[in-house]
Amino acid sequence: MSYPHLRTPEEKLADAKKLLSLPRIVVICGSTRFMTEMNEAELRETRAGRIVVKPACDMKSPHGLWSDPVEAEALKVRLDDLHRAKIRLADEALVVGDHIGDSTRAEIAYARSLGKPVRFTHPEADPGA
């Protein structure tokens, strides 16, 4: 007896994107110390016709939303989870900046584990090269 193939959530998402005729979705990854470069990359990717998702909170810059250290640590965990969701949603990742720290290295590994192509604004920074 043959059983029907049960589609994965990833396959269902890919099908939905096709049915909706969505443009390619790119997630920007990297240290928020490169926020200016991320904004520039967002402009360039958008101009190229892609939907862009990227970090929105630069916790390296002072702000009242993360001024309390305990709340800031909890927010960091939530933001990391949110960014992994953005990686799952995206068709590819674009890593911005010439420095790859531990968090960015983990984002790259996660994207690659999902089979997502990963591009670099500075290819020499690719930890997998």
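When the range 50-67 is limited to residues that are of a type in the set (Gly, Ala, Ser) and either assigned to a loop (DSSP other than H, G, I, E, B) or open to solvent by less than 50 Å² (accessible area, probe 1.4 Å) (or both), the one that is farthest from residue 38 (Cα to Cα) turns out to be 67. How about the range 68-97: which of its residues are farther than 17 Å from residue 58 by Cα and surrounded by 14 or more Cβ atoms within 10 Å (Cβ to Cβ)? Listed by number, the residues that qualify are 87, 88, 90, 91, 92, 93, 94. Among the residues of the range 68-91, some residue qualifies, meaning at least one is modelled with pLDDT of 95 or more and outside any helix (DSSP H, G or I).
The residues on offer are 105, 47, 7, and the sole one that is open to solvent by 70 Å² or more (accessible area, probe 1.4 Å) and under 16 Å from the mean Cα position of the chain (by Cα) is 105.
Listed by first and then second residue, the pairs with beta-carbon distance under 8 Å, at least 6 apart or on different chains, first residue in the range 41-60 and over 13 Å from residue 27 (Cα atoms), second outside any loop (DSSP other than H, G, I, E, B) and of a type in the set (D, E, K, R), are 59/76; 60/33.
The values are calculated or read from the model by the stated rules, or taken from the named source; none is laboratory data. If you're wondering where the values come from, they're calculated on a predicted model, not measured in any experiment. Here Cβ is always computed from backbone atoms with ideal geometry, including for glycine, and neighbour counts include all displayed protein chains. Note: accessible area is taken over every heavy atom of the protein model, side chains too, but ligands, DNA and RNA are not part of it. Shrake-Rupley method; radii C 1.70, N 1.55, O 1.52, S 1.80 Å.
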